[in-house]
1. Determine the per residue accessible area of the chain with all protein chains present and a 1.4 angstrom probe, expressed in square angstrom.
2. I need the peptides 60-67, 136-143, 71-78 ranked by packing, meaning the mean over residues of other C-beta atoms within 10 angstrom, with the highest value on top.
3. In deg cm²/dmol, rounded to 500, what helix-only [θ] at 222 nm does the chain give when every DSSP H run of at least 4 residues adds -39500 (n - 2.57) and the total is split over its residues?
4. Just to confirm a number: summing +1 for Lys and Arg and -1 for Asp and Glu over residues other than PHE160 whose beta-carbon lies under 10 angstrom from that of PHE160, what do you get?
5. Quick one: 3J(HN,Hα) in Hz for the range 137-146, Karplus 6.51/-1.76/1.60 with θ = phi - 60°, rounded, Gly and Pro as x.
6. Let me check I've understood the local charge: for ASP196, count other residues with C-beta under 14 angstrom from its C-beta, Lys and Arg +1, Asp and Glu -1. What total comes out?
7. Compute the length gained on full extension between ALA118 and ASP196: take 0.36 nm times their separation in residues and subtract their Cα-Cα distance, giving the result in nm to one decimal.
8. Once you put a point 7 Å from the Cα of ASP71 and another 7 Å from the Cα of VAL104, both along the Cβ direction, what distance in nm separates them?
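The values are calculated or read from the model by the stated rules, or taken from the named source; none is laboratory data. This is a predicted model, so every value here is computed, not measured. With ideal geometry, Cβ positions are generated from the backbone for all residues, glycine too; neighbour counts draw on all protein chains shown. Areas reflect the complete protein model, heavy atoms only, side chains present, ligands, DNA and RNA absent. Shrake-Rupley method; radii C 1.70, N 1.55, O 1.52, S 1.80 Å.
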Amino acid sequence: MAGAILVVEDEPAIQELVSFSCSSSGYKVRRADSVRTAREAIRQELPDLVILDWMLPDRPGIELLRDLRRDERTRGLPIILLTARSAEGDRVAGLDAGADDYVVKPFSPRELVSRVRAVFRRRAPQHSGEALGYGPLNIDPARHEVLVDGRPVKMGLAEFKLLKFMVGHPERVFSRGQLLDNVWGDHVFIEERTVDVHVLRLRKALAAAGAQGLVQTVRGLGYRLSARAEQ
Ligand code: CA
């Protein structure tokens with residue numbers, strides 16, 4: 001399951017081209033055609049990446065970009081700016097405002113999708129739609145499969161998503177709250193204890209496949225995926 005992309009573009013033909021390119025590469029796509037509708041869409045459900053046109057009918061896209069970077073909830077949201085402006089000054093302004101990448105129109109759909117993949121790889125590898133690996137683990141998101149030393153392991157959907165996120169960010173400690181936001185979505189209200197339940201199930205599934213000690217508890221902080229010995 002690859003990430004969810006919000007496409008913010010007012011020109012119908014380009015909105016369609018971008019949306020089609022992304023959805024046929026396996027991404028889930030939502031659309032907006034103005035800064036106002038984009039804000040509303042983000043308020044309802046945080047996407048995993050935004051493709052944002054600079055020239056929109058109500059406000060400039062770069063204004064939305066700046067606002068998203070100021071807001072705690074959307075500060076880390078990967079954003080690709082889309083625009084007809086090719087002047088170097090504008091490119092710099094876009095990157096200065098916090099865009100992760102910048103695609104100049106006209107662009108080829110293949111190029112756009114490869115930029116999307118690159119930004120996901122860098123910022124949120126669990127959403128790239130590509131295979132991820134760490135230690136003895138390999139995850140094939142397209143086939144929804146976890147392999148330990150090449151052998152498939154069965155687990156529930158929540159455990160799969162949790163592991164996929166952690167394999168994308170190995171050696172980093174995440175609090176229960178951070179795991180809830182990243183794995184379950186920030187508008188889903190679940191108790192933090194639920195995370196513990198799924199971690200337990202995940203450990204059981206991995207242990208049954210001969211991979212113990214990978215999902216580690218870091219006392220007082222949360223959890224971490226590490227192939228190094230627990231401290
Ligand atoms: Ca436009």
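1. 51
2. Values: 60-67: 19.5, 136-143: 16.5, 71-78: 14.0.
With the highest mean Cβ count within 10 Å placed first, the list reads 60-67, 136-143, 71-78.
3. -11500 deg cm²/dmol
4. Numbers: positive: LYS154, LYS161, LYS164; negative: GLU145, GLU159.
With Lys, Arg at +1 and Asp, Glu at -1, the neighbours total +1.
5. Per residue, the Karplus-derived 3J(HN,Hα) values read 8, 9, 10, 10, x, 5, 9, 6, 10, 10 Hz.
6. +3
7. My answer for the length gained is 24.9 nm.
8. 3.1
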